[in-house]
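The values are calculated or read from the model by the stated rules, or taken from the named source; none is laboratory data. Note that the coordinates shown come from a computational prediction; the quantities given were computed from them, not determined experimentally. Here the Cβ positions follow ideal geometry from the backbone for every residue, glycine too, while neighbour counts run over all protein chains shown. Each accessible area value is taken on the protein alone, full model and side chains, heavy atoms only, with ligands, DNA and RNA left out. Shrake-Rupley method; radii C 1.70, N 1.55, O 1.52, S 1.80 Å.
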Amino acid sequence: MPNPETITSLLTGRNLIAGQWTQGNGEAVHSRSRIDGSALPGGFAAADSGQVARAASEAADAFVGYAAKSGKERAAFLEAIASQIEALGDDLL
């Protein structure tokens, strides 16, 4: 897993599918201004139905290995994820 400094550079709107960052093939999605509701520049393409299906299939395959882990191993894995999210701090917002 990348360190927190690297993660912030990955907040690009791309999809992580089977360990690969992928540009979405669906419709553009834009953040909205809190002032007037207008679309902000720099929208991202959402995943299309094929990408969503592939992501779900790959996730189901990955879960087989995760399910075989002990409770202690799963807890350590989730704690590591939580630590990395917390380390992002305000950059995540």
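For this structure, a couple of remarks:
- Residue in segment 42-68 that is least open to solvent (accessible area, probe 1.4 Å), counting only those that are out of contact with any Leu (no Cβ under 9 Å at 6 or more places or on another chain), assigned to a helix (DSSP H, G or I) and aliphatic (A, V, I, L, M): A67
Residues are listed down the side, and each one gets a yes or a no for (1) of a type in the set (V, I, T); (2) at pLDDT below 95:
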{"residue": "A28", "(1), (2)": "no, yes"}
{"residue": "V52", "(1), (2)": "yes, no"}
{"residue": "A75", "(1), (2)": "no, no"}
{"residue": "G89", "(1), (2)": "no, yes"}
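- Some residue of segment 6-26 being of a type in the set (V, I, T), in a loop (DSSP other than H, G, I, E, B), modelled with pLDDT under 95 and open to solvent by 50 Å² or more (accessible area, probe 1.4 Å): no
- Selection status of G89, at positive phi, loosely packed, with under 12 Cβ neighbours inside 10 Å and of a type outside the set (K, R): yes
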